[in-house]
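Undergrad: What follows is a structure written as structure tokens; I'll ask about it next.
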Amino acid sequence: RDSCMNVYTVILHYGPVARTRRLHEQLLESDPARRDAILVFDNHSPDLFEGTWLRAEENLYWAGALERVMGILADRGASHVWFLNNDAYFVSKAPLIERACQRLTRAERLVGPVGVYSPSVTVNPYHPQMVALSGRQFRQVRYVDGIAPLLSVEFWKRAGGVDFLGNPYGYGVDVWFSSRAQEAGFTCVVDHQVVIRH
């Protein structure tokens, strides 16, 4: 069974339109059948992205934007939300979303329910557990960098949402939120076979 049958992929738009467009077009070309579930959330960017799904009334920063998106898409019946920074770009082969879903299903057969799945990255000076290792499959980790987490809606619900009270700018919220997967009965996984450049 496909673990993320009802996955929505959301690109967080803020800043240069060209950056968001590059990732958006990459995903549309990669997974045309999922076009209706590839969305751009405009986080009140000064530069408007044409074709935005939703625009925030103010900059919600990463954590606020994630919480807003999770709430809306959970109400729509999403099983998972893939929340992508607009400066991420996949170096893996297409199909990207379909492949990530298949990989997530495989990871869950190996380690049980996954609350946070993340592609690995070509380089990450701050979080070495995120760096892609050639020939490896999955790495179970304590937490992930919030560049491109694919989140289980069930985990988000059990965790009580994204906790960013008193931290409106959201620094470290990605680490804190993903690190709570274990206590909620889930795991955190980095996939070495799906890779992004950031």
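Undergrad: Anything in the range 86-99 that is open to solvent by 20 Å² or more (accessible area, probe 1.4 Å), touching a residue at least 40 places away in the same chain (Cβ under 8 Å) and out of contact with any Lys or Arg (no Cβ under 6 Å at 6 or more places or on another chain)? List them, or say none. Outline the logic, then answer.
TA: First, pick out the residues of the range 86-99 that are open to solvent by 20 Å² or more (accessible area, probe 1.4 Å): 87, 89, 91-95, 98-99.
From the residues that got through so far, the ones that are touching a residue at least 40 places away in the same chain (Cβ under 8 Å) too are 87, 89, 91-92, 94-95, 98-99.
Listed by number, the residues that qualify are Ser92, Ala94, Pro95, Glu98, Arg99.
Undergrad: Need at least 3 residues that are among the β-branched types (Val, Ile, Thr) and open to solvent by 30 Å² or more (accessible area, probe 1.4 Å) per element, so show me which strands (runs of 3 or more DSSP E) inside the range 1-85 make the cut, counting only ones lying wholly within it. Talk me through it step by step, then tell me what you get.
TA: Details: elements: 7-13, 38-42, 80-85.
So the answer is none; nothing clears 3.
Undergrad: Tell me which of these Trp62 doesn't satisfy, since it passes every other one: (1) at pLDDT below 95; (2) over 13 Å from the mean Cα position of the chain (by Cα).
TA: The failed condition is (2).
Undergrad: Continuing with the same structure: Assess whether Tyr126 counts as being among the aromatic types (Phe, Trp, Tyr), open to solvent by 50 Å² or more (accessible area, probe 1.4 Å) and farther than 20 Å from Leu23 by Cα.
TA: Working: among the aromatic types (Phe, Trp, Tyr): yes; open to solvent by 50 Å² or more (accessible area, probe 1.4 Å): yes; farther than 20 Å from Leu23 by Cα: yes.
Yes, satisfied.
Undergrad: Might you check whether a residue that is surrounded by fewer than 16 Cβ atoms within 10 Å (Cβ to Cβ) and more than 21 Å from Asn43 (Cα to Cα) occurs anywhere in the range 145-153? Full working, then the answer.
TA: From the range 145-153, those surrounded by fewer than 16 Cβ atoms within 10 Å (Cβ to Cβ) are none; that's our starting set.
Looking through the range 145-153, none of the residues is surrounded by fewer than 16 Cβ atoms within 10 Å (Cβ to Cβ) and more than 21 Å from Asn43 (Cα to Cα).
Undergrad: For the range 160-176, give me the residue count where each residue is of a type outside the set (S, T, N, Q) and touching a residue at least 40 places away in the same chain (Cβ under 8 Å).
TA: In the first step, residues of the range 160-176 are kept if they are of a type outside the set (S, T, N, Q); the result is 160-166, 168-176.
Those still in the list that are touching a residue at least 40 places away in the same chain (Cβ under 8 Å) too: 161-162, 164, 168-170, 173-174.
Total meeting the criteria: 8.
Undergrad: Within the group Phe164, Phe177, Phe186, which residue is modelled with pLDDT of 95 or more, surrounded by 20 or more Cβ atoms within 10 Å (Cβ to Cβ) and farther than 22 Å from Glu98 by Cβ?
TA: On the way: Phe164 fails: modelled with pLDDT of 95 or more; Phe177 fails: modelled with pLDDT of 95 or more.
Only one candidate qualifies: Phe186.
Undergrad: Please verify whether the range 133-140 includes one or more residues that are crowded, with 17+ Cβ neighbours inside 10 Å and aliphatic (A, V, I, L, M).
TA: Restricting attention to the range 133-140, the residues satisfying the condition of being crowded, with 17+ Cβ neighbours inside 10 Å are 138-139.
Keeping just the survivors that are aliphatic (A, V, I, L, M) gives none.
No, that holds for no residue.
Undergrad: Do the conditions hold for Arg109, that is, is it open to solvent by 40 Å² or more (accessible area, probe 1.4 Å), touching a residue at least 24 places away in the same chain (Cβ under 8 Å) and either under 20 Å from Val153 (Cα atoms) or polar (S, T, N, Q) (or both)?
TA: Details: open to solvent by 40 Å² or more (accessible area, probe 1.4 Å): yes; touching a residue at least 24 places away in the same chain (Cβ under 8 Å): no; either under 20 Å from Val153 (Cα atoms) or polar (S, T, N, Q) (or both): yes.
No, not satisfied.
Undergrad: Among the residues of the range 152-195, write down those that are assigned to a strand (DSSP E or B) and not hydrophobic (A, V, I, L, M, F, W, C). Quick ask: steps written out before the conclusion?
TA: Within the range 152-195, the first condition is being assigned to a strand (DSSP E or B), and the residues that meet it are 152, 187-195.
Residues satisfying the conditions are Ser152, Thr187, Asp191, His192, Gln193.
The values are calculated or read from the model by the stated rules, or taken from the named source; none is laboratory data. Not measured: the values here are computed from a predicted model. A quick note on method: Cβ atoms are made from the backbone with ideal geometry, for glycine too, and the neighbour counts reach across all protein chains shown. All accessible areas refer to the heavy atoms of the entire protein, side chains included, with ligands and DNA or RNA removed. Shrake-Rupley method; radii C 1.70, N 1.55, O 1.52, S 1.80 Å.
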